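All remarks here apply to the structure that follows.
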Amino acid sequence: MAAFYSLILVLLLSIAGYFGGSAAGTFFGIIIPYAAIAVFLVGLVYRILLWANTPVPFRITATCGQQKSLPWIQSNRLDNPASGTATVIRMALEVLLFRSLFRNTKAEIKDGPRLVFSERKFLWLAALAFHWTFLFILFRHLRFFLEPVPGCVLIAQELDGFFQIGTPILYMTDLIILAALAFLLIRRLADVQIRYISLFADYFALFLLLGLALSGVVLRYFIKTDISGIKELAMGLVTFSPAVPAGIHPIFFIHIFLLSILVAYFPFSKLMHMGGVFLSPTRNLANNNRTKRHINPWNHPVKVHTYEEWEEEFRDKIKAAGLPLEKV
Amino acid sequence: MSEETLSPEQLVQIDYTPSKKNWLDPTVEFRKGTYCYSGVAKHVKYLDLPNPREWQPTDSDWKLPPDWKQIILDGMKERLEKYRSFRLFMDICVRCGACADKCHFYVGSGDPKNMPVMRAELLRSVYRRYFTAAGKLGKLAGARDLDEGVLKEWFYYFYQCTECRRCSVFCPYGIDTAEITMIGRELLNLVGCNINWVIEPVSNCFRTGNHLGIQPHGFKDSMEFAAEDLEEITGIKIEPPINKKGAEILFIIPSADYFASPHYYTLLGYMLLFKEIGLDYTFSAFAGEGGNFGLFTSHEMIKRLNAKIYEEAKRLGVKWILGGECGHMWRVMHQYMDTMNGPADFLEEPVSPLTGTRFENALSTKMVHICEFTADLIKNNKLKIDASRNNHRKVTFHDSCNPARALGLFEEPRYILRKACNYFYEMPENTIREQTFCCGAGAGLGTDENLEMRMRGGFPRANAVKYVHDKYGVNLLSCICAIDKATLPTLMDYWVPGVEVGGVHELLANALVIEGERERTTDLRGDEMEQSGAETTDA
């Protein structure tokens, strides 16, 4: 049901974009995008600051390799970093390559009984493919927002259309992102366990991204929309002299409206894992606990049972056992 | 085991199909064998913890304080403000499900709420409802009201997690279920919902210094008993030093080492080793427990119980601290002690008096792991070892959760084992080192009323032992954790009969050639050694 509701919502949003854009271009083309960006920025900064200002009372690094101890034992610097530099490398591999997800396996009980582990790299592959192509596509879109278009953006475009298939030339990233999103969606629906844990929000994010990608694909390959009007609109937005030129295809308003929703929704959703991944205390702290004291800013005093109290309580027994006493 | 206990064949018939019901509607059934009894009032009271009373999880009325909901919500708010981990882990999970089958309790039970992601969602759903804007939308936003049904679910599932952190290794954001469970248990404790297997040891520990409630004379008796046993086996006379002021090293061990089996043989191992190298050390009857069930209660309780370690080191005037074989104790000593009870600026940088090695990795806490200490001794040829004395043991090594995922102590114990045993075999790689599986009974769940759940949770570990048992004839599962030593024997009897459980220093001491000892015919357990020509080697 959660999947169905979120699909309906994204469809409704698309319809709103389609008809709203034609009827109220300024609202859907200018006001909503600006508002969405504002919400995004304020929300993002708020959330990051909220996390960053919450103390990290203990250094709870999760170690995934040999510690640095005796000099003749080879330590695993990447999975058990003892220094700041090594931690940065560990984090970089996590953020850029999703290293932990790469470990993924599937455990199954077979006859015997035997617990058998098998490789499960597709989640990692699809996640990596989605995130990297999304970034690449965003970068490619800079051609709408910059004049002249920087050389690196043009090169990215060239690379993306390297195989020169069709007119307009097919971008590889468009195929990859759709395939990756489809995989992630089908996995959520087909795997009973994953379906059980999935919430409305999980499907909503996927459908929103799929809607965004599909509307883009339709604009480029099927409608082959005139991009000069779109560029004019985009340039107007970034130079703060917005205007909606005539003749923009209504599908474009689906595209920009879904994007606006995504951007505005971002800071209030699980999509904030983008910022959170950098702040995770199990990963972004070096395992140097015994070398360097970690300070807890709210290290409250607690009620303890002191040696004196202990000795007092068990005085006779300590004496009888012939153990030394502080106060004889 | 009672007659209603499932056989291994029955137990392994697990249905992984989740229920069709929406998980947001709380359902929990306290089925015999899958939950732990409540904390006994006198212990709760002794610790000044809230709401001491007579109750059991199976009661319909849990006798909660009238404002229990507010207490929990205030407690959540406080912890959201005090722990970045908690706030972040509430916020960023994408429910990718990579953690699901990484949990031994999920693998062994098939209960979908034992997937780590769900364990956290039990708390997250309440977090969303009361601490996020979208939560006002209710179920659609994955939010739900806090009611007694939810609280009962928390109790069931937060005392069905051993805080082993295996799932965290696989999480793309390092979300740590141990952290979630720890906070969840703290919240439950605020309204007096705890289990006796945790709260009684905590109360004992606060009073007597150890979980078992052994008083100073009992402590001394146990140590002397051990010394007598050693004299019988080796002919060597040992006088265990207790509360000795001015000793160089304070030696901290889990209390099970001197009161439970097979831990006891590890204690014999330490004592023999220290005798052989002439170490100037002392036990402490006050700090007679390194284990800390405070870790399974609340952060505050960790600090309350652990304060005695530095206090005693200071009182006795030792130079540094050595810690024995214990898993969760080492999580506390490594990740919490210095921050909570430090700085230990009255101690000196630990240096091995035998080898001169400076333990630079313990520069600040001044506390060294016995495996680090012993590995250094062997590396520097300070010990004479006859590994053939362990030839009757085909050994494998279980990485205990905390030394594995909180320290990364993998090679030190293996180095010792390889030197002390001729027959050492590793379990499959998905089940050792950072991917090691919990014994299924850590974090205070090792009680008999919870037996079915323990056997379920311990299945992945046991199954890996079975693999090396069948393939190489492994008959001894070694480990460096007191909870393991207490609970793995039951697990082995259930899943892999014929495998015993022992400590690394027990095996070392079996092989340790002591000056002036009588010829050993039995190991520390009194089991016959194989009488082959002794191939003495200098390690």
Built amide H within the under 5 Å cut-off of B:Ser38, gap 5+: B:Asn196
Going by Cα centres, segment A:57-126 and segment B:146-160 are how many Å apart? 31 Å
Could you give each residue of segment B:336-341 its phi-based ³J(HN,Hα) in whole Hz, using Karplus coefficients 6.51, -1.76, 1.60 with θ = phi - 60°, and x for Gly or Pro? 10, 4, 4, 5, 7, 10
Using the number of other C-beta atoms within 10 angstrom as an exposure proxy, rank B:Tyr415, B:Tyr46 with the fewest first. B:Tyr46, B:Tyr415
Could you point to the residue in B:Val504, B:Leu363, A:Leu12 farthest towards the positive end of the protein assembly as shown's charge dipole, with +1 and -1 charges on the Cβ of Lys/Arg and Asp/Glu respectively? A:Leu12
Please give the net charge around B:Leu295, taking every other residue with its beta carbon less than 13 angstrom from that of B:Leu295, where Lys and Arg add +1 and Asp and Glu add -1. 0
The lysines whose Cα lies under 20 Å from the Cα of B:Lys45, excluding any fewer than 8 residues away in the same chain, are A:Lys303, B:Lys63, B:Lys303
Checked against a 18 Å limit on the C-alpha separation, the offending pairs among A:Lys110/B:Lys113; B:Lys245/B:Lys319; B:Lys21/B:Lys139 are A:Lys110/B:Lys113
Candidate lysines for bridging to B:Lys419, where Cα separation is under 28 Å - those fewer than 8 sequence places away on the same chain excluded: A:Lys68, B:Lys237, B:Lys275, B:Lys366, B:Lys379, B:Lys382, B:Lys384, B:Lys394, B:Lys466, B:Lys471, B:Lys485
Using 1/(1 + (r/R0)^6) with R0 = 30 angstrom and r between the beta carbons of A:Phe163 and A:Ile15, what's the FRET efficiency to the nearest 0.05? 0.30
Cut-off under 5 Å, modelled amide H: who pairs with B:Val501 long-range: B:Leu477
Taking Cα atoms, the helix A:200-217 axis meets the longest principal axis of chain A at an angle in degrees (rounded to 10) of 30 degrees
About the Cα centre of the protein assembly as shown, how large is the charge dipole given +1 on each Lys and Arg Cβ and -1 on each Asp and Glu Cβ? Please answer in debye to the nearest 20. 2800 debye
Residues whose placed amide H lies under 5 Å from that of B:Ile385, excluding near-sequence neighbours: B:Val513, B:Thr537, B:Ala539
Could you run the Karplus curve 6.51 cos²θ - 1.76 cosθ + 1.60 with θ = phi - 60° over segment B:101-107 and give me ³J(HN,Hα) per residue in whole Hz, x for Gly and Pro? 8, 8, 8, 5, 6, 5, 4
Degrees between helix A:172-190 axis and first principal axis of chain A (Cα, 0 to 90, nearest 10): 60 degrees
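Kindly identify segment A:186-283 as rounded, prolate or oblate by the Cα gyration tensor criterion: order the square roots of the eigenvalues as a ≥ b ≥ c, call it rounded if a/c is under 1.5, otherwise compare a/b with b/c, prolate if a/b is larger, else oblate.
Taking the square roots of the gyration eigenvalues as a ≥ b ≥ c, segment A:186-283 is oblate.
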Check: C-alpha center segment B:165-184 vs C-alpha center segment B:444-491, spacing in Å is 22 Å
Fewest first, what order do A:Glu108, B:Glu9 take by the number of other Cβ atoms within 10 Å? B:Glu9, A:Glu108
Taking Rh as the Kirkwood radius computed over C-alpha pairs, what is the Stokes-Einstein D of segment A:2-302 at 37 °C in a medium of viscosity 0.692 mPa s, expressed in µm² per second? 146 µm²/s
Inverting the mean 1/r over all pairs of different Cα atoms, compute the Kirkwood radius of the protein assembly as shown and quote it in Å. 29.2 Å
Enumerate the calculated ³J(HN,Hα) couplings along segment B:237-251 in order (Karplus 6.51 cos²θ - 1.76 cosθ + 1.60, θ = phi - 60°), each rounded to whole Hz, writing x wherever the residue is Gly or Pro. 8, 10, 10, x, x, 10, 6, 8, 5, x, 5, 6, 10, 8, 9
Charged-residue dipole, Cβ positions (Lys, Arg, Asp, Glu), chain A about Cα centre, Debye nearest 20: 680 debye
Counting other C-beta atoms within 10 Å, which of B:Asp59, B:Asp280 has the fewest, and how do the rest follow? B:Asp59, B:Asp280
What's the angle, to the nearest 10 degrees (0 to 90), between helix B:116-131's Cα axis and the longest principal axis of chain B? 50 degrees
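Every number in this text was worked out from the coordinates using simple rules, so none of it is lab data. No experiment lies behind these values; they were computed from the predicted model shown. Neighbour counts run over all protein chains shown; Cβ positions are idealised from the backbone, glycine included.
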